[in-house]
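The values are calculated or read from the model by the stated rules, or taken from the named source; none is laboratory data. Just so we're clear, the structure is a prediction, and the values are computed from it rather than from any experiment. Heads up, the Cβs are rebuilt from the backbone with ideal geometry, glycines too, and the neighbour counts pull from every protein chain shown. Areas reflect the complete protein model, heavy atoms only, side chains present, ligands, DNA and RNA absent. Shrake-Rupley method; radii C 1.70, N 1.55, O 1.52, S 1.80 Å.
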Amino acid sequence: MLTVHHLNNSRSQRVLWLLEELELPYEIVHYQRDPQTMLAPASLRAVHPLGKSPVVTTDDGLALAESGAIIETVIERFGQGRLAPAAGTPEALRYRYWLHFAEGSAMSPLLLKLVFDRIETAKMPFFAKPIAKAIAAKAKGAFINPNIVGHLNFMEGELSKSEWFAGDEFSGADIQMSFPVEAAQARGGLDAKRPKLMAYLERVHARPAYKRALERGGPYGLLS
Ligand SMILES: N[C@@H](CCC(=O)N[C@@H](CS)C(=O)NCC(=O)O)C(=O)O
């Protein structure tokens, strides 16, 4: 039996969705973010030293972390040919690329934007406020926003070539990519001006397994 250590409003939602797609039995241990800091509780560190979500544990004592590695491992071990293109095909290359791109590239500027948005609105002495705002504006204008726009344009272009990220078939790469695309919609400026990405999100959200994962996981704040 697999156990998903699930933090509310987090990347572990993807793992629940994966397991629902594969119709695998699993248990959930729920963790709640600190409402002030948004950090995971210390109890998650007892499961994996970094204390980040997702972590999946197995009955034989494995603790798997990193959402991309979890998705790849679960599909390899339990997928029985589902959710991954056949080895050696062009789709398999794309599948691997997007599995890595989601966390390796797409999430970095989105996370930085979240941090700098919070700095702009954080409580601080009045004399520090203009300095903090100027630094945040500089970081966003010079680096963060151009990178988000570049990524969104790239993803929009790729989804003009095929319905799903790895090709014509839905795959684990789409599960992995759903989180940055949802985050981009929630806080990265993704809107109707990029119709391919918006249609992709609609297809994702219409999947029965996605809906079942939401029911099991509880409220998921990235759905704006
Ligand atoms: N690259 C990692 C990121 C893991 C991560 O940062 N998870 C966030 C939730 S989305 C987390 O646990 N945040 C709470 C904390 O840092 O305490 C992955 O994809 O699994």
Mean accessible surface per residue for the chain, computed with a 1.4 Å probe while every protein chain stays in place, in Å²: 51
Using amide H atoms built in the peptide plane, which far-off residues or other-chain residues are under 5 Å from I28 H to H? V4
Sorted from largest down, what three extents in whole angstroms do the Cα atoms of region 90-207 have along their principal axes? 55, 25, 20
Hey, how many Å between the Cα centroid of region 93-126 and the Cα centroid of region 19-35? 23
How large, in percent, is the carbon and sulfur part of the accessible surface of the chain at a probe radius of 1.4 Å? 59
Rounded to whole angstrom, the alpha-carbon centroid of region 134-177 lies from that of region 37-89 at a distance of 23
Show me, for region 125-138, the HN-Hα J-couplings you get by feeding each phi into the Karplus relation (A = 6.51, B = -1.76, C = 1.60, θ = phi - 60°), rounded to Hz, glycine and proline as x. x, 4, 6, 7, 4, x, 5, 4, 5, 5, 5, 4, 5, 5
With point charges of +1 on the Cβ of Lys and Arg and -1 on the Cβ of Asp and Glu, referenced to the Cα centre of region 90-207, which listed residue (S178, A102, A134) lies farthest in the positive direction of the dipole? A134
Which whole-number percentage describes the relative contact order of region 90-207, with Cα contacts under 8 Å and a sequence gap of 6 or more? 36
For the peptides 30-36, 186-192, what is the packing order when you average, over each peptide's residues, the other Cβ atoms within 10 Å and list the highest mean first? 186-192, 30-36
Please state the charge dipole magnitude for region 78-218, taken about the Cα centre, from unit charges on C-beta atoms (+1 on K and R, -1 on D and E), reported in debye and rounded to the nearest 20. 560
For region 62-115, max minus min Cα coordinate along each principal axis, in Å, sorted largest first? 40, 31, 12
Given 20 °C and 1.002 mPa s, how large is the Stokes-Einstein diffusion coefficient of the chain in µm²/s, with Rh as the Kirkwood radius over Cα pairs? 116
